[in-house]
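Heads up: the structure comes next, in structure tokens.
The values are calculated or read from the model by the stated rules, or taken from the named source; none is laboratory data. Worth saying up front: this structure is predicted, and the values here are computed from it rather than measured. So basically every Cβ, Gly included, is an ideal-geometry build from the backbone, and we count neighbours across all protein chains shown.
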Amino acid sequence: MHHAVARLALRSLAHALWVGALLSVALIAAASIGETRLGLSMVLQVLANHLWAAGYPLDPIDAGIIWNYRLPRALVAGACGAGLASAGAVLQALLRNPLADPYLLGISAGASTGAVLVTLLGVGAGMLSLSGGAFLGALAAFALVTLLARSARGSSSNNGQIILAGIAGSQLFNALTSFLITASASAEQARGLMFWLLGNLSGVRWPAVGLALPVVLAGLLVCLWHRRALDAFTFGSDAAAALGIPVRRVRLLLVACTALMTAVLVSIVGAIGFVGLVIPHAVRLLGGPRHTRLLPLSALCGALFLMAADVLSRTLLKGQVLPIGVITALIGAPVFALILVRGRHAR
Amino acid sequence: MNAFDQQTAALECAGLAYQVKGTPLLAEVTLQVRPGETLGLVGPNGSGKSTLLRLLAGLLRPQRGEVRLGGQPLAQLRRREIAQRLAVVEQQASTDDAISVRDAVELGRTPWLSALKPWSASDAAIVEQALQAVGLAHLSQRPWHSLSGGERQRVQIARALAQQPQILLLDEPTNHLDIQQQLSILALVQALPVTTLIALHDLNQALACDRLALLERGRLVALGKPLEVLTPQRLHDTFGVHGHFIDDPLDGSRYLRLRSC
Amino acid sequence: MPPSRLALALLASLGPGSAALAAPTHYPLTVENCGVRLTFAQAPAQAVTIGQAGTEMFYALGLGERLAGTSLWFNEVAPQFKAQNDKVERLADNEPSFEAVIGKRPGLVAVQFEWMVGPQGVVGTREQFAELGVPTYLLPSDCEGKDNLNGADGTRLDTFRIDSLYKSIEQLAQIMDVQERGAALVSQLQARLAQVTATAGERRAQDQSALFWFSSADLDTDPYVAGRKGIPDFMLNSLGMRNVVESDEEWPSVGWETLAKANPTFIVIARMDRRRFPADDYRKKLEFLRNDPVTRNMDAVKHDRIVIIDADAMHAGVRLVDGIEVLAAASQKLRKAD
């Protein structure tokens, strides 16, 4: 028994090391590419200066751009991608539905309503920021969806209840958002909000990293801890119960965990679509459906994908930053179509 | 009072009642499954066989009565403990995941694994054993979806065996299978040294069990040896058919001949 | 602009010397305005303005008595018009409702932006007003050579020309039958502009650059800055300064990274009373510039070359020249220091 534990620990450590190395390379690459030319060597020098006081003489603006703008943005993009992808994988397993994504439970709809309430109506009297409003909105929507799912009649399909409740809740909050925007927004406010809603990393600084990174790491760990439980859901929740999984408790914990993680991420960067939906499917194709591999691989691919999408969003069109949600949709939609087609042939 | 009654039942229920939205599905069911026996559960459609199995497995909570596993009330046991002693094979298992046969059987080790007891060589050996017991060791790498119905059921049984349970519950495992598959599965189940509770549709297949429990409209109307339970009177009252036993000249076994009323 | 200068100019214009320009308007009057032909049977008795530029034009032309309502304000009214403005009803700080405007039964609505009254106007379309017999006059600066359907605040197809400002004043004066005052105001502005650009033009070298920061959706996100060919760009070019922003949109949003790297000589920030975004407050803008770890290293921030100009002075109104004068003063101060 001790053998097995030790072996597992060592293997996990080895995996963590190569994943960490890959992410570090991606981070440095992402920090070197941007709206203005700042080479790779400069990025390395900035890192050296900050990490072990190497003392390279650098233009303070260039160094500031790399350390205060690009690095936090890349880190948050990575954290966001990892969080959304793993949340998507978990929800797809729990709800037995390949179309499940992190926003299914009303999170992004609620976040947009919260953001709109704060910016347009000044709810919170200036003490609440856009992100704070978004977070509270996300939680409110999630609470409503949970209530709806609980009180839905018919015990035939628990998952069906949850999904329908999620759709109903999302529609409600989306309608609220539309109403608020048309009723009280100026064109400028509407434009600013729309940009945020489609996913926007341009305002991200180190404090956002301090929030996103720990939340995603914690969430990921909780999900990884339950990897075997997630596997047990393969043949349905009854089969999982028969395999010894406390289904209600696990479902509650994991749904709450992913909801919280998603709410935090959405409130920081807005609603970035397709990552939570498509990445888990792509990883399943490559690595199989077992969650021991699916979860960490999804997180890794999600992180890399979103970092790349962020870089693309600011370099694709000269002088203009595209909303990152547009990039993920542009890439995600055809990839999803490909997965569907390929899936059909595989059977 | 014979020796059987004094042994602790492997699995038992007392006064079990279950209803859904006011419709009673089971009423006053009291049953004891003896260690080592193969108990068949028979009855017409809607008699509550599946419901009873799910209640015994702890997948449903009864409104009245209780279930005991090895003498302990089910409600007081953790799901993990239950799964280590009791395994369930459903009528039909389906999944969208692209899992392999080995993956599916490995799921059976779930109740035995934990953070302190991760996957080890002994787990792999148990899985291998289970695969061989159902005769599917040569198909272990095949995707689940490429298997036939009978093979899929074997995989489910292998998965259940991998749990190393003391009791196996099977819910009409041969329902939609070819006759050859049906017979081989039943033979397999018969040969298992585990206490088995199997819900069956085909009455002739039920004859092979040690005892039969007959359910009619949610009530237990008969319990005993197959020949004692499936009397012509019972067959007429519960199933609405005429039936009598015939001896098979080939090997002398009893065989039930059924005619409509 | 000192009130005495304006008063002097007006008085001078009323004298016999400008008799040639003091012709009264002939009615019925037809005016071609931004693709619509407006016809006036007589001078409108009452008008409503949507946009501070139009409002202040009315006051500068001495037409405050004939203003029934004002709306869309960016700053406090210029001090010399304050007394007059206090007597006029403010329909809305921002966009008025269609009914509020119509309710005043105006003979003319002077509109500063096409996105207020236009094909996608938030108050209404020009046709809606025309159906009720209310002519809408769009300040030519916002429609000539500009595509307002492209880009959030529109995109300049042609460079803004100061002539469109003079045209606005002259046409409004013509419609309201105060042509002599209009001519006087125009020549006054022309004189001031010539003076301020001449002083700067003496050493007209392209070595000073600037960016105009209007506001941002959120303080940390990409700011709305002035693009090329627009009014702020004109202000810079008339002083021989260069706009570091390269977009043709009116107010594009550009990342701080690009702006910091461009490192302009001056940063112009807009002061306004509106509080739609936290960054509307010029003090918040200053705070951001001085505290953000990247922007605080920009030359303009380090050497305090931040110029604060009223938002209204960045629009095609009578205060435009005020804005240019503030900018010129800053530019000159720097040249003297060199």
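Values for this structure:
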| quantity | calculated |
| --- | --- |
| Every residue from the range C:264-298 that is within 30 Å of C:ARG192 (Cβ to Cβ) and within 11 Å of chain A (Cβ to nearest Cβ) | C:ARG274, C:ASP280 |
| Qualifying residue in the range B:163-179 (condition: farther than 22 Å from A:PHE235 by Cα and exposed (fewer than 15 other Cβ atoms within 10 Å of the Cβ)) | yes |
| Among (1) in contact with a Pro (Cβ under 8 Å, 6 or more places away or on another chain); (2) among the charged types (D, E, K, R); (3) within 13 Å of chain B (Cβ to nearest Cβ) - the single one A:ARG205 does not satisfy | (3) |
| Matching option when the condition is assigned to a loop (DSSP other than H, G, I, E, B) and surrounded by fewer than 22 Cβ atoms within 10 Å (Cβ to Cβ), among A:LEU338, A:LEU330, A:LEU285, A:LEU317 | A:LEU317 |
| Flag if B:PRO165 is part of a loop (DSSP other than H, G, I, E, B), modelled with pLDDT of 90 or more and either out of contact with any strand residue (DSSP E or B) (no Cβ under 6 Å at 6 or more places or on another chain) or within 11 Å of chain A (Cβ to nearest Cβ) (or both) | yes |
| Filter result for C:ASN243 (more than 7 Å from chain A (Cβ to nearest Cβ), surrounded by fewer than 22 Cβ atoms within 10 Å (Cβ to Cβ) and at negative phi) | no |
| Which listed residue, of B:ILE99, B:ILE82, is under 18 Å from the mean Cα position of the chain (by Cα) and within 10 Å of chain A (Cβ to nearest Cβ) | B:ILE82 |
| Residues located in the range A:305-314, provided they are under 17 Å from the mean Cα position of the chain (by Cα) and surrounded by fewer than 22 Cβ atoms within 10 Å (Cβ to Cβ) | A:ALA308 |
| Tally, over the range C:131-150, of residues that are in a loop (DSSP other than H, G, I, E, B) and either buried (at least 24 other Cβ atoms within 10 Å of the Cβ) or more than 18 Å from the chain's Cα centre (by Cα) (or both) | 7 |
| Hits in the range B:203-246 (condition: part of a helix (DSSP H, G or I) and surrounded by 15 or more Cβ atoms within 10 Å (Cβ to Cβ)) | B:LEU203, B:GLN205, B:ALA206, B:PRO226, B:VAL229, B:ARG234, B:LEU235, B:THR238, B:PHE239 |
| Residue that is touching a residue at least 12 places away in the same chain (Cβ under 8 Å) and more than 14 Å from chain B (Cβ to nearest Cβ), where the choices are A:ALA303, A:ALA337 | A:ALA303 |
| Neighbours by Cβ (under 9 Å, 6+ apart or cross-chain): first from the range A:45-70, farther than 16 Å from A:ARG205 by Cα and within 12 Å of chain C (Cβ to nearest Cβ); second buried (at least 22 other Cβ atoms within 10 Å of the Cβ) and of a type in the set (Ser, Thr, Tyr) | none |
| Residue satisfying condition, being of a type outside the set (Asp, Glu), surrounded by 18 or more Cβ atoms within 10 Å (Cβ to Cβ) and outside any helix (DSSP H, G or I), within set B:PRO193, B:PRO111, B:PRO118 | B:PRO118 |
| Checklist (1) surrounded by fewer than 19 Cβ atoms within 10 Å (Cβ to Cβ); (2) assigned to a strand (DSSP E or B) applied to C:PHE212, failing item | (1) |
| Any hit, the range B:143-158, residues being crowded, with 23+ Cβ neighbours inside 10 Å, closer than 21 Å to B:ARG54 by Cα and either in contact with a Lys or Arg (Cβ under 7 Å, 6 or more places away or on another chain) or of a type in the set (Ser, Thr, Tyr) (or both) | no |
| Qualifying residue in the range A:136-157 (condition: surrounded by fewer than 19 Cβ atoms within 10 Å (Cβ to Cβ), out of contact with any His (no Cβ under 9 Å at 6 or more places or on another chain), modelled with pLDDT of 80 or more and not in a helix (DSSP H, G or I)) | no |
| A:GLY78 being part of a loop (DSSP other than H, G, I, E, B), more than 30 Å from B:LEU113 (Cα to Cα) and touching a residue at least 24 places away in the same chain (Cβ under 8 Å) | no |
| Verdict on B:LEU131 being in a helix (DSSP H, G or I), surrounded by 19 or more Cβ atoms within 10 Å (Cβ to Cβ), among the aliphatic types (A, V, I, L, M) and away from every other protein chain (no Cβ under 14 Å) | yes |
| Residue that is over 18 Å from C:SER215 (Cα atoms) and surrounded by 18 or more Cβ atoms within 10 Å (Cβ to Cβ), where the choices are C:MET298, C:MET314 | C:MET298 |
| Pair list, Cβ under 9 Å, 6 or more apart: the range C:212-223 residue more than 7 Å from chain A (Cβ to nearest Cβ) and within 20 Å of A:VAL116 (Cβ to Cβ), other residue of a type in the set (S, T, N, Q) and part of a strand (DSSP E or B) | C:SER216/C:SER253 |
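Here's the yes/no breakdown for (1) in contact with a Lys or Arg (Cβ under 8 Å, 6 or more places away or on another chain); (2) within 13 Å of chain B (Cβ to nearest Cβ); (3) among the aromatic types (Phe, Trp, Tyr):
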| site | (1), (2), (3) |
| --- | --- |
| A:LEU220 | no, no, no |
| A:LEU224 | no, yes, no |
| A:ALA229 | no, yes, no |
| A:ALA232 | no, yes, no |
| A:ASP238 | yes, yes, no |
| A:ILE245 | yes, yes, no |
| A:ARG249 | no, yes, no |
| A:THR258 | no, no, no |
| A:MET261 | no, no, no |
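Table: residues versus (1) over 23 Å from the mean Cα position of the chain (by Cα); (2) in a helix (DSSP H, G or I); (3) crowded, with 17+ Cβ neighbours inside 10 Å.
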| site | (1), (2), (3) |
| --- | --- |
| A:PHE173 | no, yes, yes |
| A:SER178 | yes, yes, no |
| A:ILE181 | yes, yes, yes |
| A:GLN189 | yes, yes, yes |
| A:GLY192 | no, yes, yes |
| A:TRP196 | no, yes, yes |
| A:PRO207 | no, yes, no |
| A:LEU217 | no, yes, no |
| A:LEU220 | no, yes, yes |
